[in-house]
There are 2 protein chains.
Amino acid sequence: MSTPTIELLCHHRSIRAYTPEPVSDEQIELILTAAQAVSSSNFLQCTSIIRVTDTELRSKLAVLAGNQPYVTQAPEFWVFCADLNRHKQLVPQVELGKAEQLLVGCVDTAIMAQNAVVAAESLGLGCVYIGGIRGQIEQVTTLLNLPKYVLPLFGVCIGHPAQHPDIKPRLPKAAMFFENHYQPIQKSLIDEYNTTMANYYQQRSSNQKVSGWSDTIEKILNSVKRDTMLDYLHQQGWINK
Amino acid sequence: MSTPTIELLCHHRSIRAYTPEPVSDEQIELILTAAQAVSSSNFLQCTSIIRVTDTELRSKLAVLAGNQPYVTQAPEFWVFCADLNRHKQLVPQVELGKAEQLLVGCVDTAIMAQNAVVAAESLGLGCVYIGGIRGQIEQVTTLLNLPKYVLPLFGVCIGHPAQHPDIKPRLPKAAMFFENHYQPIQKSLIDEYNTTMANYYQQRSSNQKVSGWSDTIEKILNSVKRDTMLDYLHQQGWINK
C-alpha cells in the first residue's frame, strides 16, 4: 500500500512560475532542517547553501544560467555547493583534490537538495533545479565569492506554484532496473517509450512538440557543451589526483 | 507548520540491522516508481539501478565494500549507477567523457536514490547508503558487468529496521547556510558544535566514543584514500575532457 509521502514524490513536477507570495521564515527553517537531516558520507557534511536574496545578484545569475527568468522571479533561490573548504579551514593539513572527494561532494550535496525539494513540496511549494548555473560556472563562482574547494552544483528555485505542468512519463522500469548484472537496452522497450513520449509531447497542455525521447538525447548531449568544466574543476581545487 | 513528510525526513537515521522479513514486490515497485519520479537534468534519465539478489554476489560486494555485513544481510541491496552507456547505445555518435557529464550523472543518480530512501522510509523500512563500494570500485564494476560510461556511485541497503539508532546533531545552520556570499567559518559556532557532538558521542545508546566533529574530519579525509579513482574514472570513460 502506498503512503502519502510516496504520492507526493510521484506527483513531482518542476515548477517554473510562482505567485508573489513569499516563502515564510518558518517554511525556510523547516526546509533547511529537513535538508540537513539527510545522510552524509562519513558524516563529513560537505555541503553549503547560498541563499540569494539580493535582487541584482539574482538577475545576474538568471542571465548566467542561460536567461532563465524564473531564477529572478522565484521567491527563493538557493545555490547548493559541494564544500570541502570548511574542512580545509578547520584542518589545513588535509589533502584535497582527490577524485573520490568530488564524488562525495556531489552525492552529499545532491541528496541534501532532494530532501529540501521534497520538504518544500510537502508544504505545497514548487521547485525547479537550475543546472544552468554550471553553464558559466566561473562567473557564478566569482559572484558568490566561492573560494577553492567549493563547487556550485545547481540552484533550486522555491515558491508557491502558479502553474500545474503535466507529469512526464519515465523510462520503462525494465530499461533502468536490472538484476545482478547490467543489461544492454532492449530496442522494443525504447521504441515503445519513444511512442509514449511522442504522444505526451504532442498532447501536453503547453509547449507541445513533435519529438520522442531518443532523438532529444543527441541534441542535449551535443548542445550542452560546458567544455571549460574540467579546467574549472582543476582551478577550483577538485579532481587533481 | 510542519508536515508528516518533513517529520519523516527529520527522523532519518541510517539503519544497518534488519529483521528477516523481506521487502515485498509491491514495496519495491512503489520505491522504484517514486525514485523515477525525481527530476532529471534535461530529462536525460542517466541512472541505472542494479538490484543484487544473488547471495554469492552480495557476499563479494560486502567484502569489497570494506566488510560491511549488512550488505549481505539486508533484504534488498541496490547499486545506483550514473549511466550514459544507455545513451551511447541509442546514439553511438554522442561525445561522452566530459566533466560536465560526470556532474550530471552524479547529481541525477543521487537525487533519485534519495527519493528511493524517502519512499522506503515512508513505508516503515530503513536504509543505509554504502559509499564503501567505491573502495574497490574496479572489482565492483567487473562483478556487476558494468560497461564503459556506467559508474557505480553507492549501494543502498533496504529492509525492516531491527535497530533504532539515535539521530546525530547536524552542523549549526549558520555554519552552512549563507546569504548571497560564501562566509568563512565562525570558530565559536564550530567550537559549540564540537561540544554538542562530544556530548552526543559520549551519551548515545551504542558505540560511544570520545570525539567531537572537527577531529573526525582529519581522520576521514586522510584514511579514505581511494587513490585509484581518477584512473578508474578515465578508464571507465568519464572526465577525460
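Identify, from the list B:Lys148, B:Lys173, B:Lys168, the residue that is in contact with a helix residue (DSSP H, G or I) (Cβ under 8 Å, 6 or more places away or on another chain) and over 30 Å from A:Thr53 (Cβ atoms). Going through B:Lys148, B:Lys173, B:Lys168 in turn, just one is in contact with a helix residue (DSSP H, G or I) (Cβ under 8 Å, 6 or more places away or on another chain) and over 30 Å from A:Thr53 (Cβ atoms): B:Lys148. Screening the candidates B:Asp227, B:Asp231 for the property of being in a loop (DSSP other than H, G, I, E, B) and modelled with pLDDT of 90 or more yields one hit, B:Asp227. Summed over segment A:4-63, the residues that are under 29 Å from A:His87 (Cα atoms) and either under 19 Å from the mean Cα position of the chain (by Cα) or within 7 Å of chain B (Cβ to nearest Cβ) (or both) give a count of 29. Evaluated against (1) at the interface with chain B (Cβ under 10 Å from one of its Cβ atoms); (2) surrounded by 18 or more Cβ atoms within 10 Å (Cβ to Cβ); (3) not basic (Lys, Arg), A:His234 falls short on exactly one condition, (2).
Among the residues making up segment A:181-194, those that are touching a helix residue (DSSP H, G or I) at 6+ places or on another chain (Cβ under 8 Å) and either in a helix (DSSP H, G or I) or surrounded by fewer than 16 Cβ atoms within 10 Å (Cβ to Cβ) (or both) are A:Pro184, A:Gln186, A:Leu189, A:Ile190, A:Tyr193, A:Asn194.
Look at (1) modelled with pLDDT under 95; (2) within 23 Å of B:Leu171 (Cβ to Cβ) and you find that A:Asp166 fails only one, number (2). Kindly check whether there is at least one residue in segment A:94-105 that is at the interface with another protein chain (Cβ under 10 Å from one of its Cβ atoms), hydrophobic (A, V, I, L, M, F, W, C) and at positive phi. The answer is no; no qualifying residue exists.
With respect to (1) of a type outside the set (D, E, K, R); (2) open to solvent by 10 Å² or more (accessible area, probe 1.4 Å); (3) within 7 Å of chain A (Cβ to nearest Cβ), the lone exception for B:Ala119 is condition (2).
Facing chain A (nearest Cβ under 10 Å), open to solvent by 40 Å² or more (accessible area, probe 1.4 Å) and assigned to a helix (DSSP H, G or I): which single residue out of B:Lys168, B:Lys219 fits that description?
On the way: B:Lys168 fails: assigned to a helix (DSSP H, G or I).
Going through B:Lys168, B:Lys219 in turn, just one is facing chain A (nearest Cβ under 10 Å), open to solvent by 40 Å² or more (accessible area, probe 1.4 Å) and assigned to a helix (DSSP H, G or I): B:Lys219.
Condition check for A:Gln163 on (1) in contact with a strand residue (DSSP E or B) (Cβ under 9 Å, 6 or more places away or on another chain); (2) within 11 Å of chain B (Cβ to nearest Cβ): one failure, at (2). The single residue among B:Met197, B:Met176 that is closer than 30 Å to B:Lys98 by Cβ, open to solvent by less than 10 Å² (accessible area, probe 1.4 Å) and either at pLDDT 95 or above or acidic (Asp, Glu) (or both) turns out to be B:Met176.
Summed over segment A:1-39, residues that are open to solvent by 30 Å² or more (accessible area, probe 1.4 Å), at pLDDT 95 or above and more than 21 Å from A:Gly155 (Cβ to Cβ) total 7.
The values are calculated or read from the model by the stated rules, or taken from the named source; none is laboratory data. Treat the numbers as computed from the prediction; the structure is a model and nothing was measured. Reconstructed Cβ throughout: ideal geometry from the backbone, glycine too, with neighbour counts over all protein chains shown. Keep in mind that these areas ignore ligands, DNA and RNA; they rest on the heavy atoms of the full protein, side chains included. Shrake-Rupley method; radii C 1.70, N 1.55, O 1.52, S 1.80 Å.
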